[in-house]
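Here, each number is a calculation from the coordinates, and none is a lab measurement. From a predicted model like this one, the values you see are computed outputs, not experimental measurements. Note: ideal-geometry Cβ built from the backbone for every residue, glycine included; neighbour counts use all protein chains shown.
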Amino acid sequence: YFFILYITVKRNETRGVVCVGTSSQLKSKQVIYDSLAYHYAIKCLNEDNTNVNKYIKKQCQQFIECIDSEEYYIDIKSLKAIEGFLKLINIMPNKNAYDNLVGFQWFFITNIFCVKRKSNDKKRYELSILLIARKNGRHFA
């Protein structure tokens, strides 16, 4: 077993995550901690953030809790496959979808395709609906 202290520093704010486990478990958690979906969830849970409502904060809290949950897990293999697929989609010359997604888009994609049940490896969410008003980042570019 290894012990790693993972610390992120953003704008005078320090968050630490303590990981205990085997090296493969730590590598998979590191992939999650480096993902834009995780950073979006942490940013939304910040007490000073007034741009998100209580339901988004609740969903972000559930996402953070499923990292160490006994009921759910984040499938790293699916996450890597989605990242590879999005790198292949060219939305403009010299621009791919992977580099142009913002935090909430990564959060939505990761929740839909990568959060699974440990009991039967099925996706946590069977139905997903995202409602966004006009001209609010619905498109990749």
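Data table
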quantity	calculated
Cross-link table Lys54/Lys123; Lys95/Lys118; Lys87/Lys118; Lys58/Lys122, entries beyond 30 Å C-alpha to C-alpha	Lys95/Lys118
Listed peptides 106-113, 41-48, 94-101 by packing density, highest first (mean Cβ within 10 Å)	106-113, 41-48, 94-101
All aspartates and glutamates inside 20 Å of Lys77 as judged from Cα atoms, apart from same-chain residues fewer than 8 positions distant	Asp34, Glu65, Asp68, Asp99, Asp121, Glu126
Full-extension gain in nm, Gln62 to Lys87, via 0.36 nm per residue minus C-alpha separation	6.2 nm
Charge sum, other residues only, whose C-beta stays under 13 Å from Trp106's C-beta, Lys/Arg counted +1 and Asp/Glu -1	-2
